[in-house]
């Protein structure tokens with residue numbers, strides 16, 4: 001059971017990472033998103049948060065100290081290591097470089113790699129809520145609800161956006177999906193007993209939610225969070241999570257995808273710089289986009305292969321950078 005669970009988790013992460021690579025490749029190579037962001041990108045990001053929450057649940061007692069240490073080793077320290085290398089070139093390429101001290105400050109304040117910092121913020125808050133709930137059961141659901149209500153009222157607040165350190169706003173929203181993942185794991189034995197044909201209902205509802213989002217131009221964007229309609233956003237992502245989770249549980253192991261999922265944090269750190277670099281190179285050698293989507297596929301394959309190679313090298317020669325010394 002443990003092996004199968006690990007495989008489907010890696011498949012989920014791998015497919016979600018592939019979705020992010022598609023979006024970034026389109027943005028850097030074409031200059032715009034060909035496939036609407038709302039069709040898949042926000043679903044992939046929320047699913048990452050869901051999986052993090054799923055992994056929070058253990059049948060053994062929760063230890064706050066161990067969890068905070070794990071967050072420090074596997075998320076926060078890798079963030080500082082990778083951003084120390086990436087932040088300066090990133091600022092130069094995007095024309096946002098001010099000074100070395102400004103770049104260092106932006107790293108310290110968690111203003112680089114929004115998803116990683118939002119995940120760290122969300123996991124720290126969720127850990128504290130989970131620890132407090134050992135004595136007071138109501139703390140966890142009430143804390144999650146307060147976080148969700150808080151982010152709804154803060155959305156669009158320019159002053160808060162200016163001080164969105166460690167992407168706390170996206171972290172507050174992510175807490176809801178961590179909690180959904182936690183509850184899913186807690187009730188997994190009941191959920192997996194549902195017959196496959198019942199998933200036709202969320203499948204239909206998912207397409208209806210996408211139609212509503214596109215037809216009525218519901219804006220759903222993370223990093224920083226900017227959402228027009230929270231009920232639709234949350235329902236749409238819950239349906240997407242249910243479907244991709246079920247799909248990955250019945251699929252056989254697809255090694256390229258599951259390997260990407262098991263090394264996803266490094267893929268995420270590289271998923272901006274590599275598509276940008278290869279897109280610039282493609283345009284310089286005359287392989288500019290001319291309206292043929294097959295060209296995007298070619299660049300996407302090159303992006304995947306390059307990031308995979310770099311990830312393999314990092315895990316093989318500098319595994320301490322990922323916080324996992326046993327790799």
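Note the per residue figure in Å³ for the convex hull of the C-alpha positions in region 81-198. Please list the in-between numbers first.
On the way: hull volume 20.9 nm³, N = 118.
It comes to 178 Å³ per residue, whole-number rounded.
Nearest 500 deg cm²/dmol is fine: what mean residue ellipticity at 222 nm does the chain get from its DSSP H runs of n ≥ 4 alone, each adding -39,500 (n - 2.57), divided by its residue count?
On the way: 16 runs with 226 residues, N = 327.
Estimated from H runs of four or more residues: -22500 deg cm²/dmol.
Rounded to whole Å and ordered largest first, report the semi-axes of the equivalent ellipsoid of the chain derived from its Cα gyration tensor (root of 5λ).
Details: eigenvalues 172, 120, 96 Å².
Working from the Cα gyration tensor, I get semi-axes of 29, 25, 22 Å.
Taking every pair of alpha-carbon atoms in region 157-225, what share in percent sits in each 5 Å bin, from 0 to the bin with the longest distance?
It works out to 4, 12, 13, 14, 19, 16, 13, 6, 3, 1, in whole percents.
When only alpha-carbon atoms are used, what values of Rg and Dmax, in angstrom, describe region 244-314?
That works out to 14.5, 43 Å for Rg and Dmax.
Computed on alpha carbon atoms, what radius of gyration and Dmax characterise region 129-172, expressed in Å?
12.6, 37
When all C-alpha to C-alpha distances in region 203-327 are sorted into bins of 5 Å, what percent of pairs does each bin hold, rounded to whole numbers?
With a bin width of 5 Å, the distribution comes to 2, 8, 13, 12, 12, 19, 18, 10, 4, 1.
Out of every Cα-Cα pair in region 138-267, what percent are more than 19 Å apart? Please list the in-between numbers first.
On the way: 5196 of 8385 pairs.
In whole percent, the long-distance tail amounts to 62.
If a/c stays under 1.5 just call it rounded; otherwise compare a/b with b/c (prolate if a/b is bigger, oblate if not). Do that for region 5-142, with a ≥ b ≥ c from the square roots of the Cα gyration tensor eigenvalues.
On the way: a/c = 2.43, a/b = 1.40, b/c = 1.73.
Oblate shape, in that a/c is at least 1.5 and b/c is the bigger or equal ratio.
Going by average Cβ density within 10 Å per residue, which order do the peptides 10-17, 189-196 take, highest to lowest?
10-17, 189-196
Just to confirm my numbers, what's the Cα centroid distance between region 26-97 and region 239-317 in Å?
15
Starting from 0 in steps of 5 Å, tell me what percent of the Cα-Cα pairs of region 1-66 lands in each bin.
So the P(r) values, bin by bin, are 3, 15, 19, 18, 14, 12, 8, 5, 4, 1.
Every read-out reported here was derived from the displayed coordinates using simple, explicitly stated rules and does not represent laboratory data. Just so it is clear, the model here is predicted, and its values are computed rather than measured. Here Cβ is always computed from backbone atoms with ideal geometry, including for glycine, and neighbour counts include all displayed protein chains.
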